Amino acid sequence: MSIIKKIQKLIYPLTSRYLSNATLVEGMLKGTDKMFRCLFVENSKYEEIAVEKLFSETPHLLKKWKIWIPNLKSELKKNSDSIDLCIAVLPSNYKTLFDDLCAFKGQVCVRQIIDTSASWEKIFNAFHKKKRQYSNNVERKFGLSYTISHDIDDFDLFYYRMHLPHIRNQFDELAAIDSYDDMKKFFLKGFLLLVVAEGQKIAGALCLIENNKLMFRRSGVLDGNEEFRKKNAQFALYYFNIRYASERGIKQVDTMMSDSFLHNGVYRTKREWGASVYPDDEDGSIVYYFIPDFSPKLATLFEQNPVIIREEDGLYVLAGWHGASAMAVLDKKEMCDKYYSPGLKGMILLAPNGEKTKMLFEIGETPEQ
């Protein structure tokens with residue numbers, strides 16, 4: 001690494017508090033024939049995640065530059081006639097400057113935690129129907145079992161042949177890969193839960209128990225093998241972790257972070273195992289959604305990509321809505337089936353005319369199982 005790059009790496013934590021990357025892109029809004037222009041202001045990989053969800057194909061790069069974060073307000077005013085939306089991931093110390101200016105705000109990720117303090121029957125009944133069916137078949141039909149390991153050789157097998165192939169297959173260039181040494185530190189304080197099929201270890205989860213909570217930190221499937229995927233070996237990791245925690249009186253299984261987009265596959269999988277949603281209180285940033293001038297395209301965008309946002313009284317789902325202005329009982333049930341998880345306060349529905357409707361989920365309300 002050159003001296004210049006070393007200096008840049010050292011000062012980056014300081015400069016990123018005041019300077020941010022700004023990227024202006026334009027492309028076809030997914031699910032429509034409409035062009036959509038979005039300004040991203042962030043120093044993370046959130047832009048790459050959002051672009052894949054918002055656009056039907058790679059959008060055109062119109063401009064890329066560095067922006068002085070306190071000047072974003074004037075930048076938005078200058079571009080108000082030419083952009084449909086600005087998504088900015090900013091340090092939380094800018095709250096007073098931008099909270100009143102944004103239409104909505106959220107986080108890059110949410111935390112999902114499964115309650116294992118109740119009886120097994122209650123835990124099992126909180127699973128989605130598909131996960132209940134899988135749970136009934138995991139041992140009898142798929143012949144899977146599990147073992148707990150503290151063996152360093154098993155950790156090497158897990159890291160190199162399970163976790164790395166899995167993370168690269170799932171996220172490609174977006175993959176954020178933990179180093180061997182960093183993961184080993186957690187392993188030495190915790191353990192591996194390994195799924196076994198016909199005597200072979202085919203999948204694994206790196207786990208740690210803290211404060212009566214099982215932390216399900218990382219996972220992987222052996223060599224990314226398709227045959228093991230057909231056995232739903234990764235689902236077995238969730239099932240056996242939940243069983244392990246329940247049988248040992250551990251009150252929660254913390255499945256860690258998921259993207260705040262509800263159609264994210266990882267989020268949906270955890271939801272189907274009965275996970276509740278919590279804010280990421282360790283994150284020092286806020287995702288701001290700035291809307292310079294409302295367009296009906298925004299209702300379509302959030303209908304295609306509902307996202308979890310933060311209001312003063314809790315977490316809500318922000319979703320586009322093309323139904324009648326008065327929500328019928330059947331409409332409400334449909335929305336609940338689609339989006340409700342414990343920990344979500346309600347929904348904010350965005351209509352094509354820009355009208356916002358807040359709908360609270362009722363206590364104890366559960367989606368169709």
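Just so you know, all these numbers are worked out from the coordinates, no wet-lab data involved. Fair warning: this is a prediction, and the values are worked out from it, not measured in the lab. Note: ideal-geometry Cβ built from the backbone for every residue, glycine included; neighbour counts use all protein chains shown.
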Next on the checklist: Taking θ = phi - 60°, what integer Hz values does the Karplus form 6.51 cos²θ - 1.76 cosθ + 1.60 yield along segment 145-153, in sequence order, with x for Gly and Pro?
Outcome noted: 9, 9, 9, 9, 10, 10, 7, 5, 5
Checklist entry - Where does the longest stretch of the chain lie that holds no trypsin sites (Lys or Arg not before Pro) found in a DSSP loop with 11 or fewer other Cβ atoms within 10 Å? => result 1-139
Item to check | With Cα atoms, 0 to 90° folded angle of helix 329-339 axis to the chain main axis | outcome: 70
Checklist entry - Once you sort the root eigenvalues of the Cα gyration tensor of segment 110-279 as a ≥ b ≥ c, which label holds: rounded (a/c under 1.5), prolate (a/b larger than b/c) or oblate (the other case)? => result rounded
Checklist entry - What are the ³J(HN,Hα) values, in whole Hz, obtained from phi via the Karplus relation 6.51 cos²θ - 1.76 cosθ + 1.60 with θ = phi - 60°, for each residue of segment 219-236 in sequence order, with x given for Gly and Pro? => result 9, x, 10, 3, 6, x, 4, 5, 5, 5, 5, 5, 7, 6, 4, 6, 4, 4
Checklist entry - Helix 3-15: angle to the longest alpha-carbon principal axis of the chain, degrees 0 to 90, nearest 10? => result 80
Item to check | Measure of compaction for the chain (Cα Rg per 2.2 N^0.38 Å) | outcome: 1.06
Checklist entry - Across segment 28-37, in residue order, what do the Karplus-derived ³J(HN,Hα) couplings come to in whole Hz, using 6.51 cos²θ - 1.76 cosθ + 1.60 with θ = phi - 60° and x for Gly and Pro? => result 6, 5, 4, x, 9, 10, 9, 7, 9, 10
Checklist outcome for this item: Between LEU144 and residues 5 or more places away or on another chain, the pairs with built amide H atoms under 5 Å apart involve GLU139
Checklist entry - Too long at a 20 Å Cα-Cα cut-off: which of LYS201/LYS231; LYS95/LYS345; LYS122/LYS213; LYS338/LYS358? => result LYS95/LYS345
Item to check | Cα-derived Rg to Rh of segment 26-148, Kirkwood definition | outcome: 1.18
Checklist entry - In the Gaussian network model of the chain, springs joining C-alpha atoms below 10 Å, which of SER74, SER341, SER92 carries the largest mean-square fluctuation? => result SER74
Checklist entry - To the nearest whole percent, what portion of all C-alpha pairs in segment 194-281 is separated by more than 16 angstrom? => result 56
Checklist outcome for this item: Once amide hydrogens are built 1.01 Å from N within the peptide plane, the residues lying 5 or more places from GLY220 or on another chain with amide H under 5 Å from its amide H are GLY204
Next on the checklist: Within 10 Å of each candidate Cβ there may be at most 15 other Cβ atoms; applying that plus a DSSP loop requirement, which GluC sites (Glu not before Pro) in segment 28-79 survive?
Outcome noted: GLU57
Item to check | Proximal aspartates and glutamates to LYS189, defined as alpha-carbon separation beneath 20 angstrom and excluding residues fewer than eight positions away on the same chain | outcome: ASP151, ASP153, ASP154, ASP156, ASP178, ASP181, GLU210, ASP254
Next on the checklist: Cut-off is 10 Å between beta-carbons; in what order do LEU298, LEU39 appear when sorted fewest neighbours first?
Outcome noted: LEU298, LEU39
Checklist outcome for this item: Taking VAL317, VAL51, VAL41 and counting other beta carbon atoms within 10 angstrom, the fewest-first order is VAL51, VAL41, VAL317
Checklist entry - Amide H neighbours of MET256 under 5 Å, counting only residues 5+ apart in sequence or on other chains, H built in-plane at 1.01 Å? => result GLN112, PHE216
Item to check | Under 18 Å from the Cα of LYS332 - aspartates and glutamates, other chains or at least 8 residues apart | outcome: GLU303, GLU355, GLU362, GLU365, GLU368
Item to check | Nearest 10 degrees, 0 to 90: helix 180-189 Cα axis against the chain principal axis | outcome: 60
Checklist entry - Taking neighbour Cβ counts within 10 Å as the exposure measure, how do GLU362, GLU26 sort from fewest upward? => result GLU362, GLU26
